[in-house]
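To keep things clear, I will list the structure first and then write my remarks on it.
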Amino acid sequence: MSLVNFANLDFDQIKQSLKDYLQNNSNFTDYDFEGSNLSSILDVLAYNTYITSYNANMVANEVFIDSATLRENVVALARNIGYVPRSKKSSRVKVNFSVDVASISPSPSSITLKAGPIATSGGQFRGQSYVFSIPEDVTAPVIRQDGDVVAIFEDLEIFEGTLLENVFVYSSRNPNQKFILPNTGVDLDTLTVKVKPSTDSSISVKYQRQDNLFDENFNRVIDGSSNIYFLQEVTGEQYELIFGDGIFGKKLQDGNIVEARSIITSGADANGVTNFSFAGRLTYIRNSVEINVTSGISLITPLSPSSGGESIESIDSVRKYAPQIYATQNRALSANDYEVLIPNKIYPEAESISVFGGEDLVPPQYGKVFISIKPRNGDFVPNLIKQNIKRDLKKYSVAGIVPEILDLKYLFLETFTNVYYNTNLSPSPSFVGTRVQTNIKKYSESSELNRYGARFKYSKFLKIVDQSHESITSNITTIEIRRDLRLAILETAEYAIDFGNKFHIKSMNGFNIRTCGFRVSGINVEVYLFDVPNSNGKTGTINLFSLNVGTSTPVIQRRNIGVINYEIGRITLDPINIVSGKEKDNVQILEISAIPESNDVIGLQDLYLRLDSSVVDTVVDQISSGIDPSGTNYTISTSYSNRNIVR
């Protein structure tokens, strides 16, 4: 009998296979394998086979990027297709401060803030002290302002971390010489590389990081005179600098000094710092002598809390994006190319991105690609950043395709849940309600919702509610979708708003949508929108109504002010002068909500799906609780929306 082919790594199976093999050998007829020393020998053989099989399996796994588990192996495989994982990112903040030089006579013409530490958090942030630095010297002119002689440092961007410099001496006698930055936590965005001809030279040349063979600064293929370097991650989350060979990139000469300066950061830990103490070095030059400034320094005023700090790219992210970046071949043709290139090559601060072609719009806009970005910090991408993204996209996009960057659009979900529970298993209804709200909050903060292209899975939501506590027997949940329409106050304007989901028509008599109250020119009372479906059930008209004082009876104020398309979930208003709406974040808006045809809601195209509010009511399950076993007085909750006609 031959040994079997093992399909798994089970120790007992291996031992039993060896035993079966020997039992079929005539030399071991009637041999007691369990009660002899041969049993111990079989244990050793099985154990050796088990370890060998395990090692072979792990080695085979580490060969492929999809199954590799060690970071150095995943990074090495990604390196083969030209992918460099994102480094740690320093938390950064823009600050203002001034230096009063009135006590210095005569007044210097400028004050220089030296590279290195600038400020500390003073141990006031989460019990930790963080250092903020700048990678290059910054010089501010001395001016007269309100009778004072000051140097003002405005919008100065400082980075969390310590500025370190590594110096290497190139030697052609060492063919295996490597330029490895020895520190972990390097922020590659702050890395500057300069090369000096020799130790005694005071002249240095700044080298540019390159990730392909095209020199973007000179719009040509790099050659032997290009001052460039390449970079790759090696073991231990360190980085290696690779210089040219004289054909692609300038080759280093014997005795050249390589100076690599970067900030070593803590990543996301320093996000949110708002209090800073000055810890920098200020100087001015007089008679070729550098003199320190130690007085007249104002308090540091941050423009916002520090933000943007990130951990090094995870193994899962490298697995995901390395093949995708390779597939793009550094060009943006399809929507997927844009979705991969922008967060990895152009705007790493993107949390989620949605890209779609103009041909998908109604009416179509051919020759355009629309991009909507949700940044990690805040809701909107600043206009300056939008312009920079468009500029950088020119290196990848195809001629004739015009990119347009859209502002973030939220599609809000509102849930209304009646939770039935067994009173014998729960201390109180508030306890049950709190447990449900906690789980819903966790779900609302998950990546399943807070991104473009997300889908609210109704059945999963019901399961989350049911599994919140053992006392819960069931739940009845209804949902609405809402958009906040930003208003142009006191201006006659047209409005169009898309929900990206089909609307449910509850009644052919209308009032299938709800809005908050607002005021329009020519009507002296607060009004609301309501719809009236056409006979085809696909479209309808939008009208205005008000409520009688003290009642909920609607009074029609104006008809046919817009149209509604139930099939695609779009509401369009004809030119209208809105005087006021609901104030939210210092902006006048109009809340519009509707019931979706499907309880599974998607974030279509540029709509960012978010669970905004959840109303949870607890209901005693009288049958499960034993209060009313026959169900005679069972409390019934409707499975259909039955709310007011206004918000």
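When you check residue 449 against the structure, is it within 20 Å of residue 600 (Cβ to Cβ), within 27 Å of the chain's Cα centre (by Cα) and open to solvent by less than 20 Å² (accessible area, probe 1.4 Å), yes or no?
For residue 449, the condition - within 20 Å of residue 600 (Cβ to Cβ), within 27 Å of the chain's Cα centre (by Cα) and open to solvent by less than 20 Å² (accessible area, probe 1.4 Å) - is met.
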Conditions (1) open to solvent by 40 Å² or more (accessible area, probe 1.4 Å); (2) part of a loop (DSSP other than H, G, I, E, B); (3) of a type outside the set (A, V, I, L, M, F, W, C); (4) at pLDDT 80 or above: number failed by residue 94: (2)
Per the filter on the range 501-521, residues in contact (Cβ under 8 Å) with a residue 40 or more places away in the chain and either on the phi > 0 side of the Ramachandran plot or out of contact with any strand residue (DSSP E or B) (no Cβ under 9 Å at 6 or more places or on another chain) (or both) are 506, 511
Cβ pairs under 6 Å, 6+ apart, first in the range 527-541 and acidic (Asp, Glu), second part of a strand (DSSP E or B): 531/513; 531/540; 531/542; 531/564
Check residue 434 against each of (1) within 28 Å of the chain's Cα centre (by Cα); (2) assigned to a helix (DSSP H, G or I) and name the one condition it does not meet. (1)
Run down 189, 211 and say which single residue is open to solvent by 20 Å² or more (accessible area, probe 1.4 Å), in contact (Cβ under 8 Å) with a residue 60 or more places away in the chain, within 27 Å of residue 346 (Cβ to Cβ) and not in a loop (DSSP other than H, G, I, E, B). 189
Looking only at the range 474-516, and only at residues there that are over 32 Å from the mean Cα position of the chain (by Cα), among the hydroxyl-bearing types (Ser, Thr, Tyr) and open to solvent by less than 50 Å² (accessible area, probe 1.4 Å), the one that is nearest to residue 566 (Cα to Cα): 507
Pairs needed: first member in the range 75-91, farther than 19 Å from residue 311 by Cα; second member anywhere, in a loop (DSSP other than H, G, I, E, B) and not β-branched (Val, Ile, Thr); C-beta distance under 6 Å; at least 6 residues apart or different chains. none
Which ones in the range 620-647 are in a loop (DSSP other than H, G, I, E, B), hydrophobic (A, V, I, L, M, F, W, C) and either in contact (Cβ under 8 Å) with a residue 40 or more places away in the chain or open to solvent by less than 100 Å² (accessible area, probe 1.4 Å) (or both)? 623, 627, 645, 646
Condition (residue is open to solvent by 30 Å² or more (accessible area, probe 1.4 Å) and within 20 Å of the chain's Cα centre (by Cα)) applied to the range 397-407: is it met by at least one residue? yes
Within the range 588-619, residues of a type in the set (A, V, I, L, M), open to solvent by 50 Å² or more (accessible area, probe 1.4 Å) and not in a loop (DSSP other than H, G, I, E, B) come out as 602, 615
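Out of the residues in the range 214-234 that are of a type in the set (S, T, N, Q) and open to solvent by 20 Å² or more (accessible area, probe 1.4 Å), state the one that is nearest to residue 344 (Cα to Cα).
To start, the set of residues in the range 214-234 that are of a type in the set (S, T, N, Q) comprises 217, 219, 225-227, 232.
Keeping just the survivors that are open to solvent by 20 Å² or more (accessible area, probe 1.4 Å) gives 217, 219, 225, 227, 232.
Values: 217: 20, 219: 22, 225: 28, 227: 24, 232: 15 Å.
Among residues in the range 214-234 that are of a type in the set (S, T, N, Q) and open to solvent by 20 Å² or more (accessible area, probe 1.4 Å), the one nearest to residue 344 (Cα to Cα) is 232.
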Listed by first then second residue, the pairs whose first member lies in the range 1-29 and is assigned to a loop (DSSP other than H, G, I, E, B), whose partner is at pLDDT below 70 and hydrophobic (A, V, I, L, M, F, W, C), with beta carbons under 9 Å and at least 6 positions apart or on separate chains, are 24/1; 25/1
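This table checks each residue for (1) without any contact (Cβ under 8 Å) to a residue 12 or more places away in the chain; (2) open to solvent by 30 Å² or more (accessible area, probe 1.4 Å).
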{"site": "351", "(1), (2)": "no, yes"}
{"site": "360", "(1), (2)": "no, yes"}
{"site": "366", "(1), (2)": "yes, yes"}
{"site": "376", "(1), (2)": "no, yes"}
{"site": "385", "(1), (2)": "no, yes"}
{"site": "390", "(1), (2)": "no, yes"}
{"site": "409", "(1), (2)": "no, yes"}
{"site": "419", "(1), (2)": "no, no"}
{"site": "434", "(1), (2)": "yes, yes"}
Here the qualifying pairs (Cβ atoms under 6 Å; residues six or more apart or on different chains; first in the range 131-154 and touching a residue at least 12 places away in the same chain (Cβ under 8 Å); second surrounded by 20 or more Cβ atoms within 10 Å (Cβ to Cβ) and among the charged types (D, E, K, R)) come out as 132/160
Residues of the range 132-166 being of a type outside the set (Asp, Glu), within 26 Å of residue 309 (Cβ to Cβ) and open to solvent by 50 Å² or more (accessible area, probe 1.4 Å), in sequence order, are 162, 164
Filtered residue count, the range 280-300, keeping only those that are surrounded by fewer than 13 Cβ atoms within 10 Å (Cβ to Cβ) and either among the hydroxyl-bearing types (Ser, Thr, Tyr) or closer than 21 Å to residue 62 by Cβ (or both): 3
For the range 71-80, does any single residue satisfy the condition of being farther than 30 Å from residue 319 by Cα, outside any strand (DSSP E or B) and either of a type in the set (Asp, Glu) or open to solvent by 40 Å² or more (accessible area, probe 1.4 Å) (or both)? no
Within the range 260-274, can one find any residue that is closer than 15 Å to residue 157 by Cα, open to solvent by 40 Å² or more (accessible area, probe 1.4 Å) and assigned to a loop (DSSP other than H, G, I, E, B)? yes
Taking the range 152-177 on its own, how many of its residues are assigned to a strand (DSSP E or B) and under 17 Å from residue 94 (Cβ atoms)? 9
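The values are calculated or read from the model by the stated rules, or taken from the named source; none is laboratory data. All values derive from a computational prediction rather than experimental measurement. Quick reminder, even Gly has a Cβ in these numbers, built from the backbone with ideal geometry, and neighbours come from all protein chains shown. Side chains are part of the model used for accessible areas, which takes the heavy atoms of the whole protein and leaves out ligands, DNA and RNA. Shrake-Rupley method; radii C 1.70, N 1.55, O 1.52, S 1.80 Å.
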